[in-house]
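The values are calculated or read from the model by the stated rules, or taken from the named source; none is laboratory data. A quick note: this is a predicted structure, and the numbers were derived from the prediction, not measured. Every residue, glycine among them, receives a Cβ derived from its backbone with ideal geometry; neighbour counts consider all protein chains shown.
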Amino acid sequence: MSRGAFITLEGIEGAGKSTVALWLCTWLRSRGLSVRQTREPGGTELAERVRRIVLERGSERVSAEAETLLMFAARAIHLDNLVRPALAAGEWVVSDRFTDATRAYQGGGRGVDVTWIDALAARVHGDLTPMCTLLLDLPVRLGLSRARARRGEEDRFEAETEAFFERVRAEYLALARREPQRIRLIDASAPVAAVQEQVAAALHPWLTCAGARS
Ligand code: Z5A
């Protein structure tokens, strides 16, 4: 049995994370790996309920701090009930978003103190960092136009301004500069096949280590 590995996908809205996640899981399975596809906020029945709370546009105010705590509450549930057990069983876990999203959206986008976010991260998953994070980067206008072409009713994030998503993107890029070994930048403005090629190349060293089929 291969050792488990934790891969996360990040990016602004419409970057193509869901599209990549689906392809990536199939591609990894075709290499003989056991793979779990999941997402944040959510991933388990209870964490998906927290997701609905945090995304819905209700009449009550949800402060940036409350939003941050809800993200970490969902994350703690997700980690205990899905991510850690799957990794312990030797599975590869592919998560559509993780704590970098909190740094980018709540930190960069909403101005929440990043040292507080880091303290919450240390408390909730100090011992667990993704092996590799694929940051799907593209201009905000392109991401929003892709997302808007496909969208139903807007959630609390989808209703945000272009300036908000520019701050989120800038924070993601700053994170990638800080941790270039873990966070691999993918040009998500490219066609789907070219994005898949970049993802495969970024993961190649880890697949070789895991002894996966080529
Ligand atoms: N959030 C947060 O604030 N803090 C946190 O800690 C966490 C999350 C964990 C829900 O996340 C919200 O939660 C999110 C941040 C916040 N809000 N926003 N924005 P989500 O990941 O579930 O929601 P999302 O970012 O809105 O996902 P999305 O819109 O589904 O985006 P995507 O997964 O990156 O895109 P996609 O569905 O794969 O692609 C979008 C469209 O583009 C679709 O029609 C595709 O067919 C098309 N596409 C995809 N790739 C391509 C390429 N390469 N070329 C052309 N067209 C493409």
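Would you check which residues across the stretch 15-35 are part of a loop (DSSP other than H, G, I, E, B) and of a type in the set (A, V, I, L, M, F, W, C) and list them?
Ala15, Leu33
Of the residues making up the stretch 156-195, those that are in contact with a Ser or Thr (Cβ under 9 Å, 6 or more places away or on another chain), within 21 Å of Leu28 (Cβ to Cβ) and of a type outside the set (Lys, Arg) number 3.
Inspection of the stretch 199-213 finds no residue satisfying the criterion of being closer than 30 Å to Val62 by Cβ and either under 17 Å from the mean Cα position of the chain (by Cα) or of a type in the set (Asp, Glu) (or both).
Can we say Gly42 is within 12 Å of the ligand (Cβ to nearest atom) and of a type in the set (Gly, Ala, Ser)? Against the criterion (within 12 Å of the ligand (Cβ to nearest atom) and of a type in the set (Gly, Ala, Ser)), Gly42 qualifies. Just one of (1) modelled with pLDDT of 95 or more; (2) of a type outside the set (A, V, I, L, M); (3) under 23 Å from Glu166 (Cβ atoms) fails for Ser95. It is (3). With the condition kept exactly as written, say whether any residue in the stretch 126-136 is at pLDDT 95 or above and over 21 Å from Thr99 (Cβ atoms). Within the stretch 126-136 (the criterion being at pLDDT 95 or above and over 21 Å from Thr99 (Cβ atoms)), the answer is no, since none of the residues qualifies.
Considering every residue within the stretch 36-51, establish whether at least one is in contact with an Asp or Glu (Cβ under 6 Å, 6 or more places away or on another chain), assigned to a helix (DSSP H, G or I) and either surrounded by fewer than 20 Cβ atoms within 10 Å (Cβ to Cβ) or not polar (S, T, N, Q) (or both). No - not one qualifying residue is present in the stretch 36-51. Annotation for the stretch 49-67: no member residue is away from the ligand (no atom under 11 Å from the Cβ), within 21 Å of Gln198 (Cβ to Cβ), modelled with pLDDT of 95 or more and not aliphatic (A, V, I, L, M).
On inspection, Gly4 does not qualify as within 11 Å of the ligand (Cβ to nearest atom) and either buried (at least 16 other Cβ atoms within 10 Å of the Cβ) or at pLDDT below 95 (or both).
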